[in-house]
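Let me begin by presenting the structure, written as structure tokens, before commenting on it.
The values are calculated or read from the model by the stated rules, or taken from the named source; none is laboratory data. Computed from a predicted structure; not experimentally measured. Quick reminder, even Gly has a Cβ in these numbers, built from the backbone with ideal geometry, and neighbours come from all protein chains shown. All accessible areas refer to the heavy atoms of the entire protein, side chains included, with ligands and DNA or RNA removed. Shrake-Rupley method; radii C 1.70, N 1.55, O 1.52, S 1.80 Å.
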Amino acid sequence: CSDLLASGATVISAQAIITLPDVASNLQEELLVQTLAGIESALIEQGAHLIGGHTLESRSEAPVPPSMGIEVGLSVNGSILAEYSSWQKGGLQLGDVLLLSRPIGMGVLFAAAMRGEASSEQYDEVINQISKSQHLLIEKLQSLQKSNENSSVVHACTDITGFGLLGHLGEMISASKRSLKSRGLNDLLRVILHLEKLPVFSGAIPLIEAGFFSTLAPANRASLSMLQSPQDGRPSVETSLGGIKKGSLRHQAFLELLVDPQTCGPLLIACERTIADELVSEGCWSEIGEVLD
């Protein structure tokens, strides 16, 4: 659903392929009913429905508990109304403000929870956030678009998932530079990220400082090269430290946060200042940076 929302689409339906463990038929039926109910509950709040699918039975020995043997694949469908255009990653413009829709840091919290080192309060905070659909945010942006017919409210958008904030921001910057270059325009875009303004789940930074990180984090650290100056110019992304001391343990923790993988993570949008101020004033979006030349 997040992939569709990040393109400005409304989720309308889904189909499922579900593989059940090889257990007694009455237990299979219960597992199937509960799985379908869970999927449907996430769709209904968005005005969408599960409209069909297919069920398979595993040939592997069932794990304990058997619910761990359920495999689910989904094809989620959405639509964009004729009066709207889809949002792309590659639409960054000079002067844009970057907004994030929810906190980050869930990767390290999940990693710590698996080792019994995250508190139940910290874990519940993450679950409560990522269990909430972000479709209402899209509806708000679409309503703003109706009152701004002469300009696009959202210049660029993506959702932050497995590659972390920096990795997905890098995709946005690369796509924007390609788009500008193809139109013969100056593609010397750079982004300033304000580390102290990043919305972060409570406990994430101390857990990083204590040495916890997700299994995907090491591979994601390649994105940190974006913060380094190439031989022929400036880095694509610069960080504003605020009160964070450069080179300190806290600074290193925030760099690690930038590559922390997210599950059902926030939306990242780029928009002009007036739109950003209105969205931030409503309390959900957080301003984390801007686009400069």
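Residue-by-condition table, conditions (1) outside any strand (DSSP E or B); (2) at pLDDT 95 or above; (3) over 22 Å from THR158 (Cα atoms); (4) in contact with a strand residue (DSSP E or B) (Cβ under 8 Å, 6 or more places away or on another chain):
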{"residue": "LEU43", "(1), (2), (3), (4)": "yes, yes, no, yes"}
{"residue": "HIS54", "(1), (2), (3), (4)": "no, yes, yes, yes"}
{"residue": "SER75", "(1), (2), (3), (4)": "no, yes, no, yes"}
{"residue": "ALA82", "(1), (2), (3), (4)": "yes, no, no, no"}
{"residue": "SER85", "(1), (2), (3), (4)": "yes, no, no, no"}
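If the condition is being open to solvent by less than 70 Å² (accessible area, probe 1.4 Å) and either part of a helix (DSSP H, G or I) or within 30 Å of TRP87 (Cβ to Cβ) (or both), then the stretch 17-40 contributes LEU27, GLN28, LEU31, LEU32, THR35, LEU36, ALA37, GLY38, ILE39, GLU40.
Determine, yes or no, whether SER58 is open to solvent by less than 70 Å² (accessible area, probe 1.4 Å), among the hydroxyl-bearing types (Ser, Thr, Tyr) and closer than 16 Å to SER13 by Cα.
On the way: open to solvent by less than 70 Å² (accessible area, probe 1.4 Å): yes; among the hydroxyl-bearing types (Ser, Thr, Tyr): yes; closer than 16 Å to SER13 by Cα: no.
No, not satisfied.
Within the stretch 178-194, restricting attention to residues that are assigned to a helix (DSSP H, G or I) and touching a residue at least 60 places away in the same chain (Cβ under 8 Å), the residue that is most open to solvent (accessible area, probe 1.4 Å) is ARG178.
Do we find that ILE39 is within 14 Å of GLY73 (Cα to Cα) and within 29 Å of the chain's Cα centre (by Cα) in this structure? Against the criterion (within 14 Å of GLY73 (Cα to Cα) and within 29 Å of the chain's Cα centre (by Cα)), ILE39 qualifies. State all residues of the stretch 80-90 that are crowded, with 20+ Cβ neighbours inside 10 Å and small (Gly, Ala, Ser); if no residue qualifies, say none. Of everything in the stretch 80-90, nothing turns out to be crowded, with 20+ Cβ neighbours inside 10 Å and small (Gly, Ala, Ser). On inspection, ALA14 does not qualify as surrounded by 14 or more Cβ atoms within 10 Å (Cβ to Cβ), within 22 Å of the chain's Cα centre (by Cα) and in a helix (DSSP H, G or I).
Which residue out of LEU207, LEU141 is open to solvent by less than 40 Å² (accessible area, probe 1.4 Å) and within 15 Å of ASP96 (Cβ to Cβ)? Show your work before the answer.
Working: LEU207 fails: within 15 Å of ASP96 (Cβ to Cβ).
Answer to the check: LEU141.
Of all residues in the stretch 256-283, those being in contact with a helix residue (DSSP H, G or I) (Cβ under 9 Å, 6 or more places away or on another chain) and closer than 17 Å to GLN142 by Cβ number 8.
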